[in-house]
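Enquirer: The structure is given below, and queries will be raised subsequently.
The values are calculated or read from the model by the stated rules, or taken from the named source; none is laboratory data. As the structure is a prediction and not an experimental result, all values here were calculated from the model. Cβ placement follows ideal geometry from the backbone for every residue including glycine, while neighbour counts extend to all protein chains displayed. These accessible areas exclude ligands, DNA and RNA; they are computed on the full protein's heavy atoms, side chains included. Shrake-Rupley method; radii C 1.70, N 1.55, O 1.52, S 1.80 Å.
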Amino acid sequence: MLGKLLKVSILTLLSYLLQVTVAPLIAIGGVAPNIALALVAVITVCMGRKYTFMMSLSIGYLLEIMLPALDYINLILYPVCAMLGALVFSDKSERKLEEERAQGKRGRQWNAHLRTPMCAALSMLVFEGVNMMYTYLSGVTMDAAHWGRAIFDVVYSTLICAVLQFPIRWWMGTYKLRKAR
């Protein structure tokens with residue numbers, strides 16, 4: 001338990017640091033990826049909802065303190081986006097799978113390597129959607145450039161998540177076989 005918590009804490013700090021230092025440097029066409037939400041999506045599928053909430057709240061809090069853009073937007077938006085992704089894409093417990101099988105449903109879940117980028121895409125869609133709504137409600141006329149940048153950010157961040165999931169899942173110990181009881 002302590003090993004997992006320590007690793008998630010290190011990854012939380014690392015994702016914050018990558019978001020504020022590396023993301024602006026790897027921007028394409030002025031669009032920087034959201035590395036923090038990409039890494040939160042990896043933890044969502046890899047570790048579950050508990051760690052997802054802790055990590056997303058911590059990252060949102062750090063971003064809110066260090067890079068305030070709008071009042072409390074990061075503090076609210078990061079956990080909301082992450083938990084919406086966790087509702088759909090986090091691992092189902094054995095109990096939940098057994099309940100579905102008892103009800104005559106399939107009782108299966110998709111491959112984790114497919115769920116991780118889809119979780120990142122959903123989280124980024126919510127994040128960009130809320131930012132687009134805020135921009136529109138602020139009086140800015142939305143044009144194709146705004147929509148294109150938002151879609152590009154979703155795709156770019158999803159691709160980063162798809163690449164980073166393998167080393168992170170390995171480091172978190174997801175690929176290790178559990179001993180039979």
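Enquirer: Which residue pairs have Cβ atoms under 8 Å apart, sit 6 or more places apart or on different chains, and have a first residue in region 120-134 that is of a type in the set (Phe, Trp, Tyr) and a second that is open to solvent by 30 Å² or more (accessible area, probe 1.4 Å)?
Expert: These pairs meet every condition: Tyr134/Leu70; Tyr134/Ile73.
Enquirer: Among the candidates Ala27, Ala36, which residue alone is open to solvent by less than 30 Å² (accessible area, probe 1.4 Å), at negative phi and not β-branched (Val, Ile, Thr)?
Expert: Every option except Ala36 fails the conditions.
Enquirer: Select from region 55-87 the residues that are within 13 Å of the chain's Cα centre (by Cα) and farther than 15 Å from Ala38 by Cα and list them in ascending order.
Expert: Scanning region 55-87 gives a single hit, Leu87.
Enquirer: Kindly provide the set of residues from region 5-24 that are crowded, with 16+ Cβ neighbours inside 10 Å and within 19 Å of Tyr175 (Cβ to Cβ), ordered by number. Before the answer, list the steps.
Expert: At the first step, the residues of region 5-24 found to be crowded, with 16+ Cβ neighbours inside 10 Å are 7-8, 11-12, 15-16, 18-19, 23.
Scanning region 5-24 gives Lys7, Val8, Leu11.
Enquirer: Would you check which residues across region 15-25 are under 15 Å from the mean Cα position of the chain (by Cα) and in contact (Cβ under 8 Å) with a residue 24 or more places away in the chain and list them?
Expert: Ser15, Tyr16, Gln19
Enquirer: Within region 98-146, restricting attention to residues that are farther than 20 Å from Leu39 by Cβ and in contact with a Ser or Thr (Cβ under 8 Å, 6 or more places away or on another chain), which residue is least open to solvent (accessible area, probe 1.4 Å)?
Expert: Met142
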